[in-house]
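> Have a look at this one before I ask anything.
The values are calculated or read from the model by the stated rules, or taken from the named source; none is laboratory data. Computed from a predicted structure; not experimentally measured. Note that we place each Cβ from the backbone using ideal geometry, even for glycine, and neighbour counts take in every protein chain shown.
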Amino acid sequence: MRKSRIGALTVGIALLGLSIGQVQASIRAAPKNGLRTEVAHQVSKIRSTGVQTGFAQNGSTLNAAIQDEVADLTFNVVREGDSVITGTGEPGAEINVFKDTPTGEPPLLIGNATVDFRGGWLVDASQQDLHAGDVLFAYQGEGAQVKGTQTTVEAKQAEVPRPTVNPVKAGAQNITGQGEPGKIIKIYLKEADGSNRPLGAEPVDQFGNWVVLVPINVELEANDVLEVYQSTLDDVLSEPVQVTVTE
């Protein structure tokens, strides 16, 4: 069965005016999951016959459909003095966040992160002095030098108190503590490179207690460092509480 598919592909390539060498070069140059896009790009260059033109248009439609499947890059609300910047994007994509600077100066790179499997990302902004009115922009995807989205830093609101976190032991399946009813608890795991990996977010119940389950693909180890924030519904964050996992 596999041979017959290859034969059909070869005939199709010949009908489209492409040489085997062209397609092999495309296969070698493109990532495995990018093969269809590259072939569509090669085919879109051919316009000599009605059949070829129709195939190229279909290829362009397919390419556009693939791009439409990628999740949009967004910012959560960023406020003056925030130590972190968060948002959503395509799981696995690289995010780079910049701050606009005075005209004529290059933008300032604040930091980068990788979107987690839930579609969330977090960039450390503790070394920046964010002010209301600052314009931030970000792009999604390694090497994509384009502005994917932008936001304006908003004025600081009333401070949110830090939550209380109970001791966390290695191998724990949940993290618990206390906070203000109605607030949201957000927990991040400090990675070796200094980035923050989101572990989960859960509301504080009416009695002031909260529980965040540790993802099944994460095993907490002794000396891991967690950062726990308490947040309002419009994403105003408290200062973080750092917790070191014990044995």
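> Is there any pair with a first residue in the range 61-83 that is farther than 17 Å from Val236 by Cβ and a second that is at pLDDT below 50 whose Cβ atoms are under 6 Å apart and which are 6 or more apart or on different chains, and what are they?
Once the first residue is farther than 17 Å from Val236 by Cβ and sits in the range 61-83, its partners that are at pLDDT below 50 give Leu62/Ala40; Asn63/Thr37; Asn63/Ala40.
> Now a separate question. Sort out which residues of the range 191-205 are closer than 21 Å to Thr88 by Cβ and either under 18 Å from the mean Cα position of the chain (by Cα) or not in a strand (DSSP E or B) (or both), and write them in order of number. Break it down stepwise before answering.
So in the range 191-205, the residues closer than 21 Å to Thr88 by Cβ come out as 191, 195-203.
If the condition is that a residue be closer than 21 Å to Thr88 by Cβ and either under 18 Å from the mean Cα position of the chain (by Cα) or not in a strand (DSSP E or B) (or both), then Glu191, Ser195, Asn196, Arg197, Pro198, Leu199, Gly200, Ala201 are the ones that fit.
> Something else: Which ones in the range 227-247 are part of a loop (DSSP other than H, G, I, E, B) and either within 13 Å of Thr164 (Cα to Cα) or of a type outside the set (D, E, K, R) (or both)?
Answer for the range 227-247, where residues must be part of a loop (DSSP other than H, G, I, E, B) and either within 13 Å of Thr164 (Cα to Cα) or of a type outside the set (D, E, K, R) (or both): Thr232, Leu233, Val236, Ser238, Glu239, Pro240, Val245.
> Please pick out the residue among Ala71, Ala65, Ala138 that is under 11 Å from the mean Cα position of the chain (by Cα), modelled with pLDDT under 85 and more than 21 Å from Val228 (Cα to Cα).
Ala71
> Name the residues in the range 206-226 that are surrounded by fewer than 16 Cβ atoms within 10 Å (Cβ to Cβ) and assigned to a loop (DSSP other than H, G, I, E, B), would you?
Answer for the range 206-226, where residues must be surrounded by fewer than 16 Cβ atoms within 10 Å (Cβ to Cβ) and assigned to a loop (DSSP other than H, G, I, E, B): Gln206, Phe207, Gly208, Ile216, Asn217, Val218, Glu219, Glu221, Ala222, Asn223.
> Let me ask another. In this structure, is Asn166 among the polar types (S, T, N, Q), within 26 Å of Pro215 (Cα to Cα), touching a Leu at 6+ places or on another chain (Cβ under 7 Å) and modelled with pLDDT of 95 or more?
For Asn166, the condition - among the polar types (S, T, N, Q), within 26 Å of Pro215 (Cα to Cα), touching a Leu at 6+ places or on another chain (Cβ under 7 Å) and modelled with pLDDT of 95 or more - is not met.
> Follow-up. Does Ala201 meet the test of being surrounded by fewer than 17 Cβ atoms within 10 Å (Cβ to Cβ) and touching a residue at least 12 places away in the same chain (Cβ under 8 Å)?
Yes.
> Which residue, of Lys183, Lys169, is surrounded by 12 or more Cβ atoms within 10 Å (Cβ to Cβ) and out of contact with any helix residue (DSSP H, G or I) (no Cβ under 8 Å at 6 or more places or on another chain)?
From the options Lys183, Lys169, the qualifying one is Lys183.
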